[in-house]
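Presented below is the structure to which this report refers.
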Amino acid sequence: MLKKGSRILALDDGHFTRGRGRVLVVGVIGRDAGIEGILSFDVAIDGSDATERLLLKISKSRFGGQIKLIAMNGVSFGGMNIVDLERVNRELHLPVLAITRKRPRRSLLISAVKKMRVKDAKDKERMIRSFAKASTTEHINGFYVQRLGINEDDAEKALPVAVQLTRLAHLVASGVTKGESVGRI
């Protein structure tokens, strides 16, 4: 059960150009009372290091032991750098939310992964399918929420703060990488 006022880590990536390189990921830590911290790291565009980089950043962060929920805009950073949200949930013992405005369309995501023709395409596809099978998806307050390790009632209660923190992570990441904030979650 998620207590009121629990610390949430919300993450989003900055602007990037397809191809090689890295992209900034910003995490905002906060709760009902406001923002308490920012963390950042980078991941390879269309790479396969997002899960490791996220786990490492949280474990080394002074906030690591205080975070009670992880929220993300979708399931990947830097294009197709898929986060293994089941592994994050399992290793950190934290519930996760993948929040999107549009209904998750796993078949399109899997099709895009297959078209990439990269050596880890099967791993990416496995993570997408596995999370889809393990998580539950609901349409709550205008957002599609895939949740793992948290019940629907707690997810619904945490969603307003999670969305605001995810928006802030998006604004900061896009503002830093683009020179001004663009888009929305």
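Remark: the Cα gyration tensor places the stretch 62-154 in the oblate category, a/c being 1.5 or greater and a/b not exceeding b/c.
Each other residue within a Cβ distance under 12 Å of S6 adds +1 if Lys or Arg and -1 if Asp or Glu, for a net charge of +3.
The value given for the chain is a Kirkwood hydrodynamic radius of 16.3 Å, derived from the mean inverse Cα-Cα separation. Positive contributions from Lys and Arg (+1) and negative ones from Asp and Glu (-1), summed over other residues with Cβ under 15 Å from the Cβ of E138, come out at +1. In summary, the lysines within cross-link reach of K157, defined as a Cα separation below 27 angstrom excluding same-chain residues under 8 places away, comprise K3, K4, K57, K68, K102, K133. Among N73, N141, N151, the largest mean-square fluctuation in a Gaussian network model of the chain (Cα springs under 10 Å) belongs to N141. Cross-link reach is defined here as a Cα-Cα straight distance under 21 Å, omitting same-chain residues fewer than 8 places apart; for K115 the lysines meeting it are K124. Within the stretch 32-66, the trypsin sites (Lys or Arg not before Pro) that combine a DSSP coil assignment with at most 16 other C-beta atoms in a 10 angstrom radius are R62. Across the chain, C-alpha contacts under 8 Å between residues 6 or more apart give a mean separation that, scaled by the residue count, equals a relative contact order of 26 percent.
Cα centroids of the stretch 16-80 and the stretch 168-184: 14 Å apart. The simple Förster model, with R0 at 25 Å and r as the Cβ-Cβ distance, assigns L108 and R87 a FRET efficiency of 0.65.
No value in this document is a laboratory result; all are computed from the given coordinates. Everything numeric here is computed off the predicted structure, so don't read it as measured data. Cβ: placed from backbone, ideal geometry, glycine included. Neighbour counts: every protein chain shown.
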